[in-house]
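Right, one structure below, let's go through it.
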Amino acid sequence: MSLATLIPFLSALVAASAADLDPAKLASATVTYREVPREYQLDGVIEAVNQATVSAQTQGQVKEVLFDVDDFVAAGSIIARIKDTEHRARVAQAAAELDSANATLNHAREEFDRIKGLFNKQAASESAMDKAIADVKYAQARVEAATAALEQANEQLAYTQVRAPYAGLVTQRHVQVGEMANPGQPLMTGISLDHLRVTVDVPQNLITAVRAGQGARIHLPGNQVVTATGMTVFPFADQGSNTFKVRLDLPADLANLYPGMFVKAGFLTGAKRELAIPKAAVVQRSEVTGVYVLIDGKVRFRQIRVGRDLGDALVVLSGLSEGERVALDPIAAGATLKAQAQGAGERNDG
């Protein structure tokens with residue numbers, strides 16, 4: 001096909017396409033009021049439910065530190081070792097004392113059996129029998145004391161291997177290799193990301209509605225909204241700010257959330273009616289948010305201001321009225337609007 005014949009063909013095709021762009025054929029939806037939850041949004045901070053500082057439970061020189069800041073630690077893993085030479089010596093000493101006490105007890109029992117036999121034959125005095133009984137009791141007490149000492153020595157030896165109480169990330173390391181650790185001295189601080197919650201300071205004028213409300217939702221980064229699995233309201237107000245602290249439990253296994261992040265917490269306190277339109281109808285033109293409105297068989301682009309996300313729809317704060325119709329296919333509506341403008345221009349030229 002030559003260029004001379006191609007140009008008229010394309011012109012006819014464009015004219016036919018423009019003729020097919022009938023506003024009446026555009027898929028549309030009516031702007032209506034919808035009953036939506038009444039929600040008060042406040043700033044909240046994510047924190048870890050499990051966050052703790054592991055401290056030394058025995059005395060000794062720090063021999064090894066196996067993890068550092070930002071390392072992941074499995075539950076029960078050894079995070080630090082304390083020099084255990086002295087502790088092992090105490091275990092050996094306690095074990096030897098227990099062996100000695102058992103030997104004394106065995107000898108006391110044998111002597112008791114011998115004296116008892118003689119006593120039954122009236123060949124031993126009552127005082128000898130009393131002494132044999134006392135020797136057995138004394139030997140038993142020595143065994144019990146030696147057993148307790150051995151258990152304590154083994155426990156102190158176990159404390160030289162400091163273990164993580166739960167799986168999590170190391171946030172702070174408090175000691176270095178070679179330092180002397182004492183009971184109660186912090187060694188390492190960590191948090192678990194398996195269980196997170198949000199803390200919110202609620203003004204006192206809202207706390208009654210929050211207590212009697214229908215729960216809460218947390219608005220996370222990336223327009224993700226989750227429902228709090230639990231809510232705890234502190235029974236007292238902070239004297240400085242007159243706010244009540246509220247804790248909201250987050251569902252498990254949420255990705256890319258870390259303690260210290262800011263989020264929005266929405267407390268549901270009833271319902272209200274608001275104008276809403278489907279998300280598909282909203283279009284972004286540069287910095288302008290708008291919709292294509294169908295009026296008297298024509299398409300008009302109108303700037304609007306939208307509110308919160310309702311999932312399948314958006315709340316309309318201004319720019320539309322109840323009963324108006326908006327196009328659900330902004331691309332087709334935009335083409336129709338352009339065809340209208342071209343048609344109006346051609347009629348004016350004629």
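The values are calculated or read from the model by the stated rules, or taken from the named source; none is laboratory data. This is a predicted model, so every value here is computed, not measured. Quick reminder, even Gly has a Cβ in these numbers, built from the backbone with ideal geometry, and neighbours come from all protein chains shown.
Numerical summary
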{"quantity": "Matching entry among V246, V299 (being surrounded by 15 or more Cβ atoms within 10 Å (Cβ to Cβ), of a type in the set (V, I, T) and within 24 Å of R217 (Cα to Cα))", "calculated": "V246"}
{"quantity": "Qualifying residue in the range 309-330 (condition: assigned to a helix (DSSP H, G or I) and either surrounded by fewer than 15 Cβ atoms within 10 Å (Cβ to Cβ) or at negative phi (or both))", "calculated": "yes"}
{"quantity": "The range 143-195 - residue that is in contact with a His (Cβ under 6 Å, 6 or more places away or on another chain) and of a type in the set (A, V, I, L, M) and, of those, surrounded by the fewest Cβ atoms within 10 Å (Cβ to Cβ)", "calculated": "L157"}
{"quantity": "Of all residues making up the range 81-114, the number that are closer than 30 Å to S127 by Cα, exposed (fewer than 15 other Cβ atoms within 10 Å of the Cβ) and not hydroxyl-bearing (S, T, Y)", "calculated": "7"}
{"quantity": "Residues satisfying the stated conditions in the range 207-228, i.e. surrounded by 13 or more Cβ atoms within 10 Å (Cβ to Cβ) and free of Cβ contacts under 8 Å to residues at least 24 places away in the same chain", "calculated": "R211, Q224"}
{"quantity": "Qualifying residue in the range 23-43 (condition: farther than 30 Å from T243 by Cβ, at pLDDT below 85 and among the hydrophobic types (A, V, I, L, M, F, W, C))", "calculated": "yes"}
